[in-house]
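Okay, so here's the structure we're looking at.
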Amino acid sequence: MAPTILIAGATGNTGRSVVEKLPELLKGTNMSSYRILALTRSANSAAAKALAKLPGVEVVEQNWVEIDEQWLRKHGVNRVFVASHNLPNAFAEEGQFLVNAMRAGVKYLVRISTTAANVSPAIPVYYPRTHWAIEQMLSQPEFKSMHWSSLQPNGFSSMFLAPTAAFIKEFKKTGKQGSVSMIIDATTPTGLIDPYDVGVVAAHLLAAEQSAPHDQKRYVLSGPENVTGEEVVKLVEQYIGEPVKDVRYKDLSFIDDMANNSSESKNVMLSIKGAPITSWEGKAKAETTSKEILELYAPKRTVAEVLKDLVEA
Ligand SMILES: NC(=O)c1ccc[n+]([C@@H]2O[C@H](COP(=O)([O-])OP(=O)(O)OC[C@H]3O[C@@H](n4cnc5c(N)ncnc54)[C@H](OP(=O)(O)O)[C@@H]3O)[C@@H](O)[C@H]2O)c1
């Protein structure tokens, strides 16, 4: 059986472009015969069906959190991409998956972490601590046989701009303004990134014939340019043709709703409110992108382009 590159989280924000880009990037390399296996929990979803149409891609209905060592060996998995969920049990589930991968002889792992300024043992937000802990685990000598790279992206522009796009669409439908809500600060520049670009970076890494230069690397990924909340409002005004009346910067009220509707500890869920603070402090700017990433594939998609796609979707 040809060696396999396994994509866990294939239908999501970052995984989709990993799957889209890998076939063309593998062409002409010594990995051109590798299988590309994209995982989903539901092969009937629109996202999974779209991936299944890509030449050279096999979509398999399999929840990655339930994969064991034998499964990985049976499918000849040699390289792995994983974009883990962000739930409080993410360390247990991603950690289990990665131990299984190492024991099954996987040679190279590319994973999605979170905003570099938040990846710290003392951050009062639970999920960046999870990413820190996974990176620490992978750094131990027991994992030496499996090369790994952890991508630390800034906030995803498609997620951060979703309420802004909804405001514009609603105005276009009704001619009435609601309020524009955004997570970012009015005046602090921040380098939001399109998760599509994050996936393209991951695909370049997975297609690299030599993984050793990228082993044990935490790479910082930001968008191509900085944006402030006030600049986003200017973009909105170009769409609606009038001044925006009500803007809520640094609006985290949706996290209260998330915590209230979750069966997880409220204390843990509400800690997410601490996540944007480093960006409000100016620690997540476009210029933080690692130089290795700028050389490999510099993120390209601007906030204006992402907003246009969301409005037209
Ligand atoms: N959002 C941001 O601004 C941001 C910024 C920086 C870093 N991050 C990091 O990005 C990572 C997530 O990456 P992503 O956004 O590309 O992933 P995602 O879109 O949230 O999820 C990827 C796929 O995983 C599957 N999935 C979702 N929840 C699952 C669960 N509980 N168990 C098993 N499978 C599940 C879904 O596929 P199927 O339904 O097809 O199975 C989903 O399409 C997180 O670790 C987060 O910390 C996010």
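Considering only the range 187-198, how many residues are away from the ligand (no atom under 11 Å from the Cβ) and in a loop (DSSP other than H, G, I, E, B)? Looking only at that region, the number is 4. Checked against (1) touching a residue at least 40 places away in the same chain (Cβ under 8 Å); (2) within 15 Å of the ligand (Cβ to nearest atom), F160 meets all criteria but (1).
Residue-by-condition table, conditions (1) open to solvent by 10 Å² or more (accessible area, probe 1.4 Å); (2) at pLDDT below 95; (3) of a type in the set (D, E); (4) within 19 Å of the chain's Cα centre (by Cα):
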| site | (1), (2), (3), (4) |
| --- | --- |
| Y108 | no, no, no, yes |
| T115 | yes, no, no, yes |
| V119 | yes, no, no, yes |
| P128 | no, no, no, yes |
| M146 | no, no, no, no |
| L161 | no, no, no, yes |
| A165 | no, no, no, no |
| K169 | yes, no, no, no |
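For the range 259-289, a tally of residues being part of a loop (DSSP other than H, G, I, E, B) and surrounded by fewer than 18 Cβ atoms within 10 Å (Cβ to Cβ) returns 8. Selection of the range 290-303 for residues being buried (at least 16 other Cβ atoms within 10 Å of the Cβ) and among the hydrophobic types (A, V, I, L, M, F, W, C) yields I293, V303.
Scanning the range 214-244 for residues that are assigned to a helix (DSSP H, G or I) and open to solvent by 40 Å² or more (accessible area, probe 1.4 Å) yields E230, E231, K234, E237, Q238, Y239.
Note on the range 6-106: enclosed helices (runs of 4 or more DSSP H) holding 2 or more residues that are among the hydrophobic types (A, V, I, L, M, F, W, C), open to solvent by 20 Å² or more (accessible area, probe 1.4 Å) and more than 9 Å from the ligand (Cβ to nearest atom) are 46-52, 90-103. Checking each residue in the range 131-162 for being more than 26 Å from K273 (Cα to Cα) and in a loop (DSSP other than H, G, I, E, B) picks out S139, Q140, K144, S145, M146. Within the range 183-203, the residues that satisfy the criterion of being touching a residue at least 60 places away in the same chain (Cβ under 8 Å), more than 15 Å from the chain's Cα centre (by Cα) and under 30 Å from K291 (Cβ atoms) are I183, I184, D185, T188, P189, T190.
Inclusion of I184 among residues that are within 16 Å of the ligand (Cβ to nearest atom), surrounded by 17 or more Cβ atoms within 10 Å (Cβ to Cβ) and within 16 Å of D251 (Cβ to Cβ) is warranted.
The values are calculated or read from the model by the stated rules, or taken from the named source; none is laboratory data. What you are looking at is a predicted structure, and each value in this text was computed from that prediction instead of being measured. Positions of Cβ are generated from backbone atoms using ideal geometry, with glycine treated the same way; all protein chains shown enter the neighbour counts. Note: areas computed on protein heavy atoms with side chains; ligands, DNA, RNA excluded. Shrake-Rupley method; radii C 1.70, N 1.55, O 1.52, S 1.80 Å.
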